[in-house]
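The values are calculated or read from the model by the stated rules, or taken from the named source; none is laboratory data. None of the values given here were measured: they were computed from a predicted structure. Cβ coordinates were reconstructed from backbone atoms using ideal geometry, including for glycine residues, and neighbour counts include every protein chain displayed. Protein only, heavy atoms only, side chains kept; ligands, DNA and RNA dropped before computing areas. Shrake-Rupley method; radii C 1.70, N 1.55, O 1.52, S 1.80 Å.
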Amino acid sequence: MRRLLVTGGAGFIGSNFVHYVLEHTDDQVTVLDKLTYAGDRRSLDGLPRERVRLVHGDICDADLVGSLFDAHDAVVHYAAESHNDNSLSGPAPFVQTNLVGTFTLLEAARRTGVRFHHISTDEVYGDLEFDDPERFTESTPYNPSSPYSSTKAGSDLLVRAWVRSFGVQATISNCSNNYGPRQHVEKFIPRQITNIIDGVRPRLYGDGLNVRDWIHADDHSSAVLRILDAGRIGETYLIGADGEKTNRQVVEMILVGMGRDADAYDLVTDRPGHDKRYAIDWSKLRDELGWQPQFADFASGIGATIDWYVANEQWWRPQKAETERKYAEVGQ
Ligand code: NAD
Ligand code: TDX
């Protein structure tokens, strides 16, 4: 029985990972989460109390982090400030949590020798042209665009240096855009679903033709578990599921799935520095570790996600007005 510490486990992807681990392993899980605006203890509701516990705390708190590392066999590090738009209006917490927080965890990993898996994003590679035949691979040069992606890129480089210089037992994964239940309403897909529920037309930045490479959060979780179990120390693995779509295609699918006209959306002010396209080559993960995504049908995954937001209004409603107020301030 492994004792697993999951940072950021009350957030979107972290909570989906905790649910996944509880279902597919015998692990005991401790979640370390600051419960920022993006964290919600209710995202762990329904899980067996004898196997999951939540520690409310900050990954920058070296004493707390040190004592938790002493009591666990492995750590999966999801905690981060995660939203590009917020990083443009206020970058300070991104530097603190994503860089200083990751540094704090790495120092504890160095002292204890505990196995460490670092969760990162494909955004560290910058963006691709729409007609580029290449996709991101593990050897694509880093070229981040936003305060968010640059702090994630910096955190990846810290992990690599701590492996090389101090022998920390770490792996890294860089995943594409996730969708699924329990994602904050600031993010693209939940924002549009909940706007439609509220009778508000979806809002696309710029011309709506930017491309994202979508993967279901459960596929991300199964890949992370596979890397934790079988990944080679010091290696980076890209995680994706061949899910490239323009933002227009996604919003049209949501509109039709919710019984509205496919063109019932508006184009609004573009995001400054908006990355054009992300696309992941995940063949290393397939060839080395035998991993495959399970959610092949994006339309049915989106349908299930719409159903989740319709059925769980009490989960997202408290965040909705404040999120839209912030978007309105910048004309989005
Ligand atoms: P999220 O914003 O939904 O959740 C982040 C969680 O971290 C929250 O529960 C928050 O309370 C917690 N947290 C923030 N600062 C903290 C701190 N200082 N100490 C402890 N906890 C803290 O984010 P998400 O979308 O679930 O992303 C999780 C991770 O996955 C991030 O590292 C992100 O970079 C990465 N990622 C996300 C995506 C995506 O599509 N959302 C894709 C690839 C990688
Ligand atoms: O209202 C919107 N309208 C719109 O057109 C919002 C919120 C977004 N968008 C666009 C911007 C992007 O092209 O939709 C796309 C997706 O936007 P986000 O959900 O903000 O995601 P993105 O910026 O692509 O980053 C996400 O994927 C990589 C996560 O938020 C990151 O944490 C992850 O690293």
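Against the condition within 12 Å of ligand 2 (Cβ to nearest atom) and not in a strand (DSSP E or B), how does Val185 come out, does it pass? Yes, satisfied.
Can you spot a residue in segment 122-143 that is in contact with a strand residue (DSSP E or B) (Cβ under 8 Å, 6 or more places away or on another chain), within 13 Å of ligand 1 (Cβ to nearest atom) and polar (S, T, N, Q)? No: segment 122-143 contains no residue that is in contact with a strand residue (DSSP E or B) (Cβ under 8 Å, 6 or more places away or on another chain), within 13 Å of ligand 1 (Cβ to nearest atom) and polar (S, T, N, Q).
Note on segment 192-214: among residues that are in contact with a strand residue (DSSP E or B) (Cβ under 6 Å, 6 or more places away or on another chain) and among the hydrophobic types (A, V, I, L, M, F, W, C), the one that is surrounded by the fewest Cβ atoms within 10 Å (Cβ to Cβ) is Leu209. In this structure, is Phe94 out of contact with any Asp or Glu (no Cβ under 9 Å at 6 or more places or on another chain) and of a type in the set (A, V, I, L, M, F, W, C)? Considered against the rule, which asks whether it is out of contact with any Asp or Glu (no Cβ under 9 Å at 6 or more places or on another chain) and of a type in the set (A, V, I, L, M, F, W, C), Phe94 comes out as no.
If you scan segment 10-30, which residues turn out to be within 16 Å of the chain's Cα centre (by Cα) and away from ligand 2 (no atom under 16 Å from the Cβ)?
Taking segment 10-30 and keeping what is within 16 Å of the chain's Cα centre (by Cα), we get 10-20.
Within segment 10-30, Val18, His19, Tyr20 qualify.
Looking only at residues that are in contact with a strand residue (DSSP E or B) (Cβ under 7 Å, 6 or more places away or on another chain), open to solvent by less than 10 Å² (accessible area, probe 1.4 Å) and not β-branched (Val, Ile, Thr) in segment 215-227, which one is farthest from Val250 (Cα to Cα)? Break it down into steps so the answer makes sense when it comes.
Residues of segment 215-227 in contact with a strand residue (DSSP E or B) (Cβ under 7 Å, 6 or more places away or on another chain): 215-217, 220, 223-224, 227.
Then drop every residue that is not open to solvent by less than 10 Å² (accessible area, probe 1.4 Å), which leaves 215, 217, 220, 223-224, 227.
Then keep just the ones that are not β-branched (Val, Ile, Thr); that gives 217, 220, 223.
Details: Ala217: 16, His220: 19, Ala223: 24 Å.
Applying the filter and picking the extreme gives Ala223.
Residue-by-condition table, conditions (1) open to solvent by 30 Å² or more (accessible area, probe 1.4 Å); (2) away from ligand 2 (no atom under 16 Å from the Cβ):
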residue	(1), (2)
Arg42	yes, yes
Arg53	yes, yes
Ser82	yes, no
Asp85	no, no
Leu88	yes, no
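If we scan segment 243-260, do we find a residue that is in contact (Cβ under 8 Å) with a residue 24 or more places away in the chain and closer than 17 Å to Thr121 by Cβ? Yes, the conditions are met somewhere in segment 243-260. Highlighted here would be strands (runs of 3 or more DSSP E) found entirely within segment 203-269 that include at least 1 residues which are of a type in the set (A, V, I, L, M, F, W, C), more than 17 Å from the chain's Cα centre (by Cα) and at pLDDT below 95, but there are none. Taking each residue of segment 25-53 that is on the phi > 0 side of the Ramachandran plot and looking for partners that are at pLDDT 95 or above and not small (Gly, Ala, Ser) with beta-carbon atoms closer than 6 Å, six or more apart or interchain, yields Leu35/His56.
A Cβ distance below 6 Å, combined with a sequence gap of six or more or placement on separate chains, defines the contacts here; from segment 173-189, residues that are more than 19 Å from Gln294 (Cα to Cα) and at pLDDT 95 or above reach residues that are assigned to a loop (DSSP other than H, G, I, E, B) and near ligand 1 (Cβ under 8 Å from one of its atoms) in the pairs His184/Ala38; Glu186/His83. Scanning for something buried (at least 21 other Cβ atoms within 10 Å of the Cβ) and part of a loop (DSSP other than H, G, I, E, B), does segment 151-167 turn up at least one residue? No, segment 151-167 contains no residue that is buried (at least 21 other Cβ atoms within 10 Å of the Cβ) and part of a loop (DSSP other than H, G, I, E, B).
Scanning for something near ligand 2 (Cβ under 9 Å from one of its atoms), in contact with a helix residue (DSSP H, G or I) (Cβ under 9 Å, 6 or more places away or on another chain), at negative phi and among the aromatic types (Phe, Trp, Tyr), does segment 202-219 turn up at least one residue? Scanning segment 202-219, I find at least one residue that is near ligand 2 (Cβ under 9 Å from one of its atoms), in contact with a helix residue (DSSP H, G or I) (Cβ under 9 Å, 6 or more places away or on another chain), at negative phi and among the aromatic types (Phe, Trp, Tyr), so the answer is yes.
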